[in-house]
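Asker: Handing you a structure now.
What follows draws every value from the coordinates through simple rules; no lab data is involved. None of the values given here were measured: they were computed from a predicted structure. Positions of Cβ are backbone-derived with ideal geometry, glycine not excepted, and every protein chain shown enters the neighbour counts.
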Amino acid sequence: MQQSFLEYVLDDLQKKGTLISSCTFILPSKRSGTFLKKYISETLTQNTFSPEILSIEDFVQQISGISSVPSIDLLLTLFKTYRASKIKTHDDFSAFLKWGQTLLQDFNEIDRCLIPSDDILNYLSAIKEMNHWSLQKEKTELVENYLQLWNNLKSLYDSFTSTLLSQKKGYQGLIYRIAVENLTSYHPQEKNPIIFIGFNALNTAESHIIKYFLKDKKNTIYWDIDSHFLNDPIHDAGLFIRNFKKDWAYYADQDLNGVHSSFLSPKKITITGVPKNISQAKYVGKLLQDLATSSDSKVKDTALVLADETLLNPILQGIPAEVNQVNITMGVPLNKTVLYSFFLSFLDLHISKTENGWFYKGVLEFTSNPYSTKISTHEEVDILHRVSKDIKAHNWIYINTQNLSPYSESQPILKILFPQNNTAPIQWINNCLQLLKILKEIFQYEKNTLELEYLYQFYTIFNQLKQHLGTLDFIADLKSLKNFFKQLASIETLDFIGEPLSGLQVMGMLESRNLDFDTVILTSVNEGILPSGKSGNSFIPFDVKRDYGLPTYKEKDAIYTYHFYRLIQRAKNVYLIYNTEPDVLEGGEKSRLINQLLTDSAINKYITHTIATPKVKITPEQLSEITKGSKLLQDIQDFAKNGFSPTSLTNYIRNPIEFYKRNILQINNLNEVEETIAANTFGTIVHDSLEQLYLPLVGAILTIDNVSVLAKKIPKVVKGNFYNHLPGINLTKGKYLLVFNVIIKYLENFVALELKQLKKHQIKVLELEKKHTMQLRIEELDFPIQLKGTIDRVDEVDGIIRIVDYKTGRVEPRNVKLKDWETLITDYDKSKAFQLLCYALLYSQKHPVNNLTAGIYSFKNLKQRFLPFSVNDEIITNDTLKTFESYLEQLILDICNPTKPFVEKRV
């Protein structure tokens with residue numbers, strides 16, 4: 001490996017006769033300081049005390065004499081200051097969190113750039129005044145409230161910063177501003193040479209500080225810049241350092257230290273486009289596997305840099321076993337963990353609680369979380385499984401303490417998860433701490449150290465929340481607590497512990513500063529990610545930023561351009577990976593930095609550009625086929641003995657595989673809570689209600705009087721059947737009320753149609769919902785065959801027997817008319833006709849008739865009245881039934897044929 005930048009700095013200092021152990025080194029980050037310490041230990045020939053090595057932020061804090069404050073404490077202090085301000089109408093804490101962080105960032109930027117706060121904040125207030133949307137001279141209350149914050153920005157800033165400074169605390173920008181003010185009075189005890197290393201973009205405060213110390217000739221600064229970028233007047237990678245060379249008085253008689261020519265040295269740059277993020281993770285895994293098997297040293301000198309840090313989890317899953325040492329310098333945000341989703345689901349569960357109880361969806365979501373399952377299965381009885389099972393079985397839309405009372409006495413865990421009274425924020429936190437204690441015992445027993453680390457981080461968060469709740473009066477409800485919790489979880493990370501100087505280095509772009517590697521793998525090199533584009537959280541408009549010298553997205557782009565080129569300039573093998581399938585969430589097309597490389601004639605000879613896609617094997621679609629072995633044949637015989645129903649036979653006509661799954665294997669739909677009524681439940685309620693209404697009239701001749709009475713009973717009967725089939729529902733409002741009224745309307749229309757028919761016909765009800773069975777004798781089969789079915793209604797109209805089937809779906813006349821007998825057992829569109837013939841055949845076995853009619857009442861198009869079956873425009877006769885029986889036997893023989901497999905039919 002060629003000399004790294006940090007090694008070059010140490011080597012150059014020694015050549016100049018500088019005693020390294022007596023220097024103070026200032027670097028952009030602590031991580032680069034760790035590597036510098038390693039190189040110093042390798043350079044020194046005798047034992048000595050380590051020189052002072054500081055990050056720029058630690059150095060500035062030393063000068064300022066004030067300490068930094070965690071982001072969440074800054075937000076709380078800003079909110080307290082905001083509430084104490086002269087603003088008449090204040091946002092609550094939840095609303096404040098949406099803009100408070102952005103305002104903090106703007107304050108930070110203003111201070112880092114040493115801009116007089118009164119100047120820019122008053123200017124910003126004037127702009128907002130000019131840009132407000134009201135054209136009226138007299139401002140409305142809404143406009144006044146909107147402008148209040150902007151008119152009080154200066155006083156808010158002054159109060160906020162004075163509060164922090166009184167506690168000798170500050171945010172980064174404020175610390176920088178105070179440090180600049182303290183420069184002349186700053187006198188370190190030991191006046192060692194100060195060496196600034198590897199900086200690029202400097203804010204105004206950093207620039208002031210560094211220039212101040214460079215006035216002393218024993219202090220120096222080393223830039224890490226390649227001459228190829230420095231000498232190109234338009235290359236963004238050299239933008240800042242070119243400006244420093246031109247503008248700093250220090251360079252009137254000094255040369256730039258740290259300029260080198262490594263970028264154009266021979267190297268291998270492989271640019272690869274892969275589809276989507278998961279493919280990137282898999283591609284990186286294959287790349288690392290190849291590197292590990294070719295040479296172990298290649299992995300040791302390899303950096304895996306994630307431009308999009310959300311790729312960390314899939315990348316870690318994809319690292320092959322051959323890579324046995326990995327050092328990760330970025331943390332996993334706690335809001336990306338499953339444990340976070342567990343507590344957020346637990347919080348949402350209580351926020352959504354109403355006077356009716358907990359809505360079933362929130363309960364099922366919570367009970368299905370892996371941590372909920374872990375807690376419940378740890379108890380003597382898996383109580384949450386029982387609860388979720390009962391929710392589906394009883395169709396509980398809302399779950400309340402009455403539903404849970406049968407379990408709660410023996411299961412104290414339910415009192416934590418589903419407390420009887422509304423939960424206050426402090427109670428919710430205490431409940432979470434209890435749950436953490438239970439999980440801790442489980443994972444300690446399992447010796448799961450990673451999970452224990454997650455638990456510890458959340459234990460810390462809940463204790464922070466508890467501590468803050470004791471001093472804050474504005475987090476009075478769970479919604480405010482939720483926003484606070486989400487903010488904390490987004491800030492806190494689970495940091496990995498590893499050996500920082502060995503193995504594969506996994507890092508973000510900023511952690512790569514000052515570090516050099518033989519092999520660099522850089523992922524997500526897409527527009528919108530690298531560089532990040534024009535997005536930026538700020539209240540300050542672009543032109544105001546430009547006028548006051550605040551950094552804009554243009555400077556941000558130049559910063560990432562520098563990091564990109566600096567990362568690859570000394571590397572021998574560079575792998576740049578981008579997503580070929582851009583979308584809003586995962587960035588845009590391949591980065592302009594890739595296009596810049598490809599069009600640079602000085603470097604493109606070392607570049608190969610490829611597109612990698614997963615192996616796709618195209619095979620012709622194979623229809624499922626189930627061969628009838630001895631076990632399946634036995635199951636078919638058992639099914640035939642129990643009885644073929646018209647529905648099971650039409651299932652076979654529709655798709656033999658569906659018949660196999662639903663009727664032979666008994667694989668039915670999952671039992672789910674019906675928040676809106678399912679079609680089959682709708683039909684069942686209609687059928688049961690009609691049966692209940694007409695049951696007293698079986699055997700009687702219908703009259704206008706006895707049928708008119710039915711109309712009045714309809715609401716009560718329907719309501720009773722609703723509660724029978726869907727216990728726990730509320731029929732007074734919502735979707736169920738609408739469905740309830742639809743069913744009532746259906747039945748009222750049916751009764752009205754019946755009354756209209758009674759004026760012209762005599763109708764006598766013979767049977768209702770009666771089950772019929774018959775034995776079929778098929779010579780080719782040596783086992784019994786039964787046909788069974790339940791006929792909705794049999795009546796006699798003007799002396800002719802009529803078989804009635806109710807359908808709540810739409811049925812057209814063509815569905816019950818038959819022209820070609822063959823279509824009856826091949827075309828599912830004729831399934832309604834097939835069912836009617838089955839019912840006619842079943843009824844005729846015990847009640848021989850010369851002719852009868854069978855048909856359907858379709859409630860969705862009841863205006864068409866009774867839809868009778870006909871074959872070639874004739875009603876059902878004995879000959880019709882004989883013909884049907886022959887086709888029925890043919891269909892059953894097809895099902896029972898041992899040599900004919902069940903073959904899938906495209907539906």
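Asker: Which value in deg cm²/dmol, rounded to the nearest 500, describes the helix-derived mean residue ellipticity at 222 nm for the chain, given -39,500 (n - 2.57) per DSSP H run of n ≥ 4 and division by the residue count?
Answerer: After summing the helix terms and dividing by the residues of the chain, the value is -15000 deg cm²/dmol.
Asker: Then there's this: Extension gain N324-N151, at 0.36 nm per residue separation less the Cα-Cα distance, in nm?
Answerer: Numbers: separation 173, 0.36 × 173 = 62.28 nm, distance 5.87 nm.
Roughly 56.4 nm would be gained on extension.
Asker: With viscosity set to 1.567 mPa s at 4 °C, what whole-number translational diffusion coefficient in µm²/s follows for the range 335-494 from Stokes-Einstein and a Kirkwood radius over Cα pairs?
Answerer: Values: Rh = 16.3 Å.
Here the translational diffusion coefficient equals 79 µm²/s.
Asker: If you don't mind, another one. Kindly state, to the nearest 0.05, the FRET efficiency for I704 paired with K846, given R0 = 51 Å and r defined as their beta-carbon distance.
Answerer: 0.95
Asker: So what are the ³J(HN,Hα) numbers for the range 63-71, from phi and the Karplus equation (6.51, -1.76, 1.60; θ = phi - 60°), rounded to whole Hz, Gly and Pro as x?
Answerer: The phi angles translate into 5, 6, x, 10, 9, 7, 10, x, 4 Hz.
Asker: Which trypsin sites (Lys or Arg not before Pro) in the range 570-656 sit in a loop by DSSP (not H, G, I, E or B) and have at most 12 other Cβ atoms within 10 Å of their own Cβ?
Answerer: K615, K617
Asker: Still on this structure, I have one more. I'd like the distance separating the alpha-carbon centroids of the range 21-65 and the range 697-712, in whole Å.
Answerer: 99
Asker: Can you tell me the orientation of helix 831-846 relative to the chain, as the angle in degrees between its alpha-carbon axis and the longest Cα principal axis, to the nearest 10?
Answerer: 40
Asker: Roughly how tilted is helix 5-15, in degrees to the nearest 10 and between 0 and 90, from the longest Cα axis of the chain?
Answerer: The angle comes out near 10 degrees.
Asker: Compute the projected area of the convex hull of the Cα atoms of the range 630-903, averaged over all viewing directions, and report it in nm² to one decimal place. Don't skip to the end; give the middle numbers.
Answerer: Values: hull surface 61.7 nm².
Computed as one quarter of the Cα hull surface, the answer is 15.4 nm².
Asker: Pop the C-beta distance of H394 and L862 into the FRET formula with R0 = 51 Å and round what comes out to the nearest 0.05.
Answerer: My answer for the efficiency is 0.95.
Asker: Further question: Between V797 and K98, what length in nm is gained on full extension when 0.36 nm per residue of separation is reduced by their alpha carbon distance?
Answerer: Gain on stretching V797 to K98: 244.4 nm.
Asker: Between 0 and 90 degrees, rounded to the nearest ten: what's the tilt of helix 141-151 against the longest Cα principal axis of the chain?
Answerer: Taking the Cα atoms of the chain, the angle to 141-151 is about 30 degrees.
Asker: DSSP loop (so not H, G, I, E, B), at most 16 other Cβ within 10 Å: list which GluC sites (Glu not before Pro) in the range 682-789 pass both filters.
Answerer: E779, E780
Asker: Need the list of lysines near K336 for cross-linking: C-alpha distance under 21 angstrom, and skip anything on the same chain fewer than eight residues off.
Answerer: K98, K276, K282, K374, K440, K479, K482, K486
Asker: Let me ask another. Between N897 and K771, 0.36 nm times their residue separation minus their Cα-Cα distance comes to what?
Answerer: 42.6 nm
Asker: Please report the spacing between the Cα centers of the range 190-238 and the range 840-907 in Å, no decimals.
Answerer: 92
Asker: Which whole-angstrom value gives the distance between the alpha carbon centres of the range 419-461 and the range 751-814?
Answerer: 62
Asker: Tell me, what does the Kirkwood hydrodynamic radius of the chain come to in angstroms if you use every pair of distinct C-alpha atoms? Display every interim value, and only then the final one.
Answerer: On the way: mean 1/r = 0.0284 Å⁻¹.
This gives a value of 35.2 Å.
Asker: Still on this structure, I have one more. According to a simple spin-label model (label point 7 Å from Cα along Cα-to-Cβ), what is the distance in nm between I234 and N463?
Answerer: 5.8
Asker: Another one. Taking R0 as 41 Å, what FRET efficiency do you get between T293 and K191 from their Cβ-Cβ distance, rounded to the nearest 0.05?
Answerer: It comes to 0.15.
Asker: Follow-up question, since we're still on this one. Residue by residue through the range 886-900, which ³J(HN,Hα) values in whole Hz follow from phi under the Karplus form 6.51 cos²θ - 1.76 cosθ + 1.60 (θ = phi - 60°), with glycine and proline marked x?
Answerer: 5, 6, 5, 4, 4, 5, 5, 4, 4, 5, 8, 5, x, 8, 9
Asker: Taking the Cα centre of the range 480-635 as origin, work out the dipole magnitude from +1 charges on Lys and Arg Cβ and -1 charges on Asp and Glu Cβ, in debye rounded to 20.
Answerer: Rounded to the nearest 20 debye, it is 160 debye.
Asker: Work out from phi, with θ = phi - 60° and the Karplus expression 6.51 cos²θ - 1.76 cosθ + 1.60, the ³J(HN,Hα) of each residue of the range 604-621, listed in order in whole Hz, and give x for Gly and Pro.
Answerer: Result, rounded to whole Hz: 5, 5, 9, 9, 10, 10, 9, 10, 10, 10, x, 5, 10, 9, 8, 10, x, 5.
Asker: So, by mean Cβ neighbours within 10 angstrom, what's the order for 381-389, 224-232, 160-168 with the highest one leading?
Answerer: The peptides rank, most packed first, as 224-232, 381-389, 160-168.
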